[in-house]
Amino acid sequence: MKLYTKLNLYISRSAILSCFILLVSQLNFTQKVQEVKPIGKLEVIITGFSNNVGDCWFAIDNSRDVYEREDTVWIGKILPIENNQVSVVIDSLSYGEYAVRVFHDENRNGKLDTNFLGIPSEDYGYSNDASGWFGPPSWEKAKFVFNQPKMTINIKID
């Protein structure tokens, strides 16, 4: 009788431990499933270049904070200009809000050149073809929602 009780108690503890482990693993699995965001493919077509000289500096930002900083970008690329345009494809982009900014670095000095008044002397553009007064457009004007398996946006620089 004593052995039966110990065995029964052992089985009960083992069953409780097994249930606990199963429950924890299910919670962990559920958390991981919820963390996965859908992804898609974004193509950005940039037109309006007056020539193929120099490079196109491309930046896509994933938040207002990154967008408003001058010293950082979320994804940045320096791209060649062919036939007065540039096409950029970003595979595996998570759904969310983004803003794109580009400029034509004609003299390849790594910056957007300006005149003595601070007005850009090289062409530039933003997503939604947004523009701003006395500076770049706000995040609200430039941002777009990426929520499709495949999406194309167009930017015309000037």
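Structure notes:
- Contacts under 7 angstrom Cβ, first residue in region 131-143 being in contact (Cβ under 8 Å) with a residue 60 or more places away in the chain and in the same structural domain as residue 98 (by TED's automatic domain parsing), partner surrounded by 13 or more Cβ atoms within 10 Å (Cβ to Cβ) and of a type in the set (S, T, N, Q), 6 or more apart: 142/127; 142/128
- Qualifying position, being charged (D, E, K, R) and in contact with a Phe, Trp or Tyr (Cβ under 9 Å, 6 or more places away or on another chain), among 105, 55, 129: 105
- Any chance residue 92 is small (Gly, Ala, Ser), in the same structural domain as residue 136 (by TED's automatic domain parsing), closer than 26 Å to residue 40 by Cβ and exposed (fewer than 12 other Cβ atoms within 10 Å of the Cβ): yes
The values are calculated or read from the model by the stated rules, or taken from the named source; none is laboratory data. On a predicted model such as this, the values are computed, not experimentally measured, just so you know. Every residue, glycine as well, gets a Cβ built from its backbone with ideal geometry; the counts of neighbours run over all protein chains shown.
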